[in-house]
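Notes follow the structure.
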Amino acid sequence: MELVSSDIQFYFLCSLLSLFSAFIVRSIFKKPSSTPLRLPPSPPSLPIIGHLHYLRPLLHKSFHHLSSNYGPLLYLRFGSYPCLLVSSPSMAEAIFKTHDANFAARPVSPFDDGLLFGNSGFVTAPYGNYWRFMKKLCITELLSPRQIERSHTVRHQEITKFLRQLIQSADKTEVVDVSALLTKLTNNNICRMVMSTRCSEQDDEAEKIRNVVKKSFAMVGKMCLADSLGPFKKFGFWFFSKEAKEVNTTYDELLEKLLKEHEEKARNNIIGVKFDTEDNNKDLMDILLKAYHDENAEFQITRAQMKAFFVDLFLGGTGTSAETMQWAIAELINHPKIYKIARDEIESVVGTSRLVEETDIPNLKYVQAIVKETLRLHPNAPFIPRVCHEDCKINGFDIPRNIPVAVNVYSIGRDPTLWENPNEFCPERFLVPSKTETNKGQNFDFIPFGGGRRACPGKNLAYAMMNITIASIIQCIDLKVIGEGGNGAKVGMEEAISVSLTMASPIRCLPSVYFNTFDA
């Protein structure tokens with residue numbers, strides 16, 4: 001996330017004001033506790049600012065440094081803002097399993113006053129009737145194995161378009177931005193699953209969708225910063241309100257237009273989809289509209305909640321899968337031996353006469369291991385937020401109610417006591433029987449999609465999309481980086497300053513064709 005000079009000045013000013021206000025408020029209103037809590041250990045802190053001096057622009061690396069040096073369960077204080085940092089499988093199990101119901105809430109979204117649909121979204125919704133209804137709908141309908149199977153044709157068509165574009169660029173000896181192509185690919189997949197629309201079909205529409213998603217990620221960071229300013233957070237929201245409302249208006253107009261089109265088509269039976277009938281061609285918008293119009297539904301969702309759910313899908317589906325695949329491609333380019341092992345596996349399973357298909361993936365263990373190893377080293381969500389609902393004890397320590405919790409996925413994935421040579425890219429580690437069950441969420445040393453009842457419901461869709469895309473690229477295309485070292489240069493693995501774990505620079509490569517499936 002790039003910061004302009006005015007943003008930096010604003011952040012600095014607000015930080016000073018926040019620290020000053022926190023000091024005054026705590027001095028005036030703080031009351032001595034009758035029974036001192038036995039809080040988890042804390043690193044050495046400074047007056048007023050607490051542990052703010054440990055933080056660096058890459059927040060996940062700051063947390064990794066803290067957990068590596070001070071332990072797997074830490075009580076931190078950033079100004080007047082407390083936080084619990086959880087950085088080991090046993091502590092994560094306490095959050096996601098032992099005390100799952102108590103930590104089922106997520107921090108309240110800072111997007112109030114109608115910005116980005118406030119807390120109407122499924123991801124940040126309070127743990128209650130709406131969230132339970134949407135979780136059930138996701139499991140049984142929206143993101144169910146049946147719906148993922150129905151959409152495999154969409155993924156096949158979009159991957160075919162993606163490969164044809166790479167092959168055409170190879171024929172022209174044309175350098176391509178692999179990162180942009182992967183973002184477009186995932187964007188098309190999500191849009192077609194959600195609303196039977198290829199959002200990147202036209203350049204102007206593609207640019208509109210990608211820009212609004214990009215602006216949304218930027219707004220998340222800015223609003224989260226403003227939300228941490230204590231008494232001055234309303235000033236922070238006001239500072240960014242114009243930009244946030246523009247993003248919200250773009251989403252609202254786009255989604256309202258599409259919802260009305262789906263409702264009109266259903267009423268006129270143009271595409272054979274009615275709210276009261278079953279149809280194998282329903283997209284996610286049809287399914288959610290059916291629930292919206294069902295007067296006997298367990299929970300009556302609102303139009304704003306529908307729109308917020310689709311925003312969650314755009315942000316969570318388009319960005320996360322594309323970024324993970326970018327990291328995977330970068331690691332494969334930098335490790336040609338692993339690239340060859342995976343290609344040999346594909347040829348042994350698929351042969352050399354057809355394109356790899358999703359039905360082949362269960363037999364491509366090494367390809368699956370590459371995707372998992374990428375998620376271990378480069379989890380898109382380096383830490384997972386939760387909130388403690390009621391006072392409880394973990395490992396003998398008192399955990400106060402309402403305290404935010406950060407489950408440190410990044411550190412768990414790089415813990416040397418769990419993983420041999422943890423900073424090396426080694427897919428073979430996921431071929432060991434003890435690691436093969438991690439996809440079921442029973443092993444808390446690998447939790448890129450979280451755990452417990454609020455684990456990501458789109459995990460199976462993400463795996464389906466990433467596995468087949470990576471397998472298709474390995475089977476058909478060689479990618480060479482054009483850099484200072486000439487052909488064969490390494491991909492830079494620097495991380496961007498961002499809410500998610502994003503590459504700092506796009507992957508620009510010269511593709512060459514290894515197997516042209518369209519000529520086979």
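The values are calculated or read from the model by the stated rules, or taken from the named source; none is laboratory data. Quantities reported herein were computed from a predicted structural model and do not represent experimental measurements. Here the Cβ is made from the backbone with ideal geometry for all residues, glycine too, and neighbour counts use every protein chain on show.
Listed values, structure above:
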read-out: Residue in the range 108-119 that is more than 24 Å from residue 61 (Cα to Cα), more than 20 Å from the chain's Cα centre (by Cα) and at pLDDT 85 or above present; value: no
read-out: Of residues in the range 397-455 being aliphatic (A, V, I, L, M) and not in a strand (DSSP E or B), the one modelled with the lowest pLDDT; value: 432
read-out: Pair list, Cβ under 8 Å, 6 or more apart: the range 34-58 residue under 20 Å from residue 410 (Cβ atoms), other residue acidic (Asp, Glu) and surrounded by 15 or more Cβ atoms within 10 Å (Cβ to Cβ); value: 58/495
read-out: Pair list, Cβ < 6 Å and 6+ apart or interchain, from the range 418-429 residues that are on the phi < 0 side of the Ramachandran plot and free of Cβ contacts under 8 Å to residues at least 60 places away in the same chain to residues that are of a type outside the set (Lys, Arg) and in a loop (DSSP other than H, G, I, E, B); value: 422/416
read-out: Residue among 80, 68 that is closer than 22 Å to residue 501 by Cβ and among the small types (Gly, Ala, Ser); value: 68
read-out: Residues that are basic (Lys, Arg) and in contact (Cβ under 8 Å) with a residue 60 or more places away in the chain, drawn from the range 137-165; value: 150, 155, 164
read-out: Selected residue (criterion: farthest from the chain's Cα centre (by Cα)) from residues of the range 350-359 that are farther than 13 Å from residue 470 by Cα and in a helix (DSSP H, G or I); value: 350
read-out: Number of positions in the range 498-514 that are assigned to a loop (DSSP other than H, G, I, E, B), of a type outside the set (Gly, Ala, Ser) and closer than 14 Å to residue 323 by Cβ; value: 5
read-out: Considering residues of the range 402-413 that are touching a Lys or Arg at 6+ places or on another chain (Cβ under 7 Å) and among the hydrophobic types (A, V, I, L, M, F, W, C) only, the residue surrounded by the fewest Cβ atoms within 10 Å (Cβ to Cβ); value: 405
read-out: Residues being without any contact (Cβ under 8 Å) to a residue 40 or more places away in the chain and of a type in the set (D, E, K, R) - total across the range 62-97; value: 1
read-out: Residue 399 touching a strand residue (DSSP E or B) at 6+ places or on another chain (Cβ under 6 Å), β-branched (Val, Ile, Thr) and surrounded by 15 or more Cβ atoms within 10 Å (Cβ to Cβ); value: yes
read-out: Flag for residue 152 being over 23 Å from residue 315 (Cα atoms) and modelled with pLDDT of 85 or more; value: no
read-out: Residue identified as touching a Ser or Thr at 6+ places or on another chain (Cβ under 9 Å), among the polar types (S, T, N, Q), surrounded by fewer than 17 Cβ atoms within 10 Å (Cβ to Cβ) and closer than 20 Å to residue 394 by Cα among 68, 90; value: 68
read-out: Neighbours by Cβ (under 6 Å, 6+ apart or cross-chain): first from the range 459-478, over 15 Å from residue 182 (Cα atoms); second part of a strand (DSSP E or B); value: 478/512
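For (1) buried (at least 19 other Cβ atoms within 10 Å of the Cβ); (2) part of a helix (DSSP H, G or I); (3) modelled with pLDDT of 90 or more; (4) of a type in the set (S, T, N, Q), each residue gets a yes or a no:
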{"site": "126", "(1), (2), (3), (4)": "no, no, no, no"}
{"site": "137", "(1), (2), (3), (4)": "yes, yes, yes, no"}
{"site": "158", "(1), (2), (3), (4)": "yes, yes, yes, no"}
{"site": "161", "(1), (2), (3), (4)": "no, yes, yes, no"}
{"site": "187", "(1), (2), (3), (4)": "yes, yes, no, yes"}
{"site": "191", "(1), (2), (3), (4)": "yes, yes, no, no"}
{"site": "201", "(1), (2), (3), (4)": "no, no, no, no"}
